[in-house]
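K.L.:
First, the structure itself, so that you have it in front of you.
The values are calculated or read from the model by the stated rules, or taken from the named source; none is laboratory data. Because the structure is a prediction, the values reported are computed rather than measured. Positions of Cβ are generated from backbone atoms using ideal geometry, with glycine treated the same way; all protein chains shown enter the neighbour counts. Heads up: the accessible areas ignore ligands, DNA and RNA and are worked out on the full protein's heavy atoms, side chains in. Shrake-Rupley method; radii C 1.70, N 1.55, O 1.52, S 1.80 Å.
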Amino acid sequence: MPRRQLLMRLQLLSNPQVLCGVRGAVSPLAGAIGFGEEDCHKITLALDEAITNVIRHAYGGKLEGPIEIRFHKLNGADGAKPGLEIILIDRGAQANPDALKGQPPGELRSGGLGLHFMRQSMDTVVHTRVGSTNRLRMVKFVR
């Protein structure tokens, strides 16, 4: 596993109005690590979709649920590629395991596109439940 360095930690509430602020912070952060414009855009959209899913599904649209986002630079130690690791943590309802499996590309419909898009945009997307928290880990490596 590549060594990682905490770059930024955001704490916000599950209010859709905060999404524009998160979007404004992520793209420059990814660019500073070495991602090109297209990958910066993909990372930003994947994170936007992930937060939207937390707001919609974990918190049921309630505006006061805490969300923490940690951004780590992966330093590419021991021959590994440098990259960006994003960890989203919420205290909402446990995710439905069937929903996390996603749908086959030929069967995608409204409501199932977000997870598919995140998996297409990022190199790693893993959801876990740790105690009373949901954790979504997304990684993108610099090409």
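K.L.:
What are the principal axis extents of the Cα atoms in the chain, in Å, biggest first?
P.N.:
40, 36, 29
K.L.:
³J(HN,Hα) across the range 22-30 via Karplus (A = 6.51, B = -1.76, C = 1.60, θ = phi - 60°), whole Hz, x for Gly/Pro?
P.N.:
5, 4, x, 8, 6, 4, x, 5, 5
K.L.:
Any idea of the accessible area per residue across the chain, 1.4 Å probe, to the nearest Å²? Don't jump to the answer; show the numbers that get you there.
P.N.:
Numbers: 7950 Å² over 143 residues.
In whole numbers, the chain has 56 Å² accessible per residue.
K.L.:
Could you list which residues have their amide H under 5 Å from that of GLY65, counting only those 5 or more apart in sequence or on another chain, with H placed in the peptide plane?
P.N.:
SER14
K.L.:
Order these peptides, 58-71, 9-22, by their mean beta-carbon neighbour count within 10 angstrom, highest first. Present the calculation step by step, with values, prior to reporting the outcome.
P.N.:
On the way: 58-71: 16.3, 9-22: 13.7.
With the highest mean Cβ count within 10 Å placed first, the list reads 58-71, 9-22.
K.L.:
Can you give me the relative contact order of the chain as a percent, contacts being Cα pairs under 8 Å and 6 or more apart? Intermediate values should be presented prior to the final figure.
P.N.:
Numbers: 255 pairs, mean separation 39.8, N = 143.
Relative contact order of the chain: 28 percent.
K.L.:
Hey, another quick one. With each label point set 7 Å from Cα along the Cα-Cβ vector, what nm distance links LEU7 and ALA32?
P.N.:
Output for this residue pair reads 0.8 nm.
K.L.:
Calculate, in nm to one decimal, what ASN15 and GLN94 gain on full extension: separation in residues at 0.36 nm each, minus their alpha carbon distance. Before the final figure, lay out each step's value.
P.N.:
Details: separation 79, 0.36 × 79 = 28.44 nm, distance 1.88 nm.
Residue separation times 0.36 nm, minus the Cα-Cα distance, leaves 26.6 nm.
K.L.:
Mind giving me the FRET efficiency for LYS62 and ARG129? R0 is 22 Å, r the Cβ-Cβ distance, nearest 0.05 is fine. Don't skip to the end; give the middle numbers.
P.N.:
Working: r = 19 Å, r/R0 = 0.87.
For R0 = 22 Å, the calculated efficiency reads 0.70.
K.L.:
Against the longest alpha carbon principal axis of the chain, how many degrees, from 0 to 90 and to the nearest 10, is the axis of helix 37-53 turned?
P.N.:
So the helix axis and the longest Cα principal axis differ by about 30 degrees.
K.L.:
On the protein heavy atoms, probe 1.4 angstrom, tell me the percent of accessible surface of the chain carried by carbon and sulfur. Each step should come with its number before you reach the end.
P.N.:
Working: 4070 of 7950 Å².
After summing per-atom areas, the C and S share lands at 51 percent.
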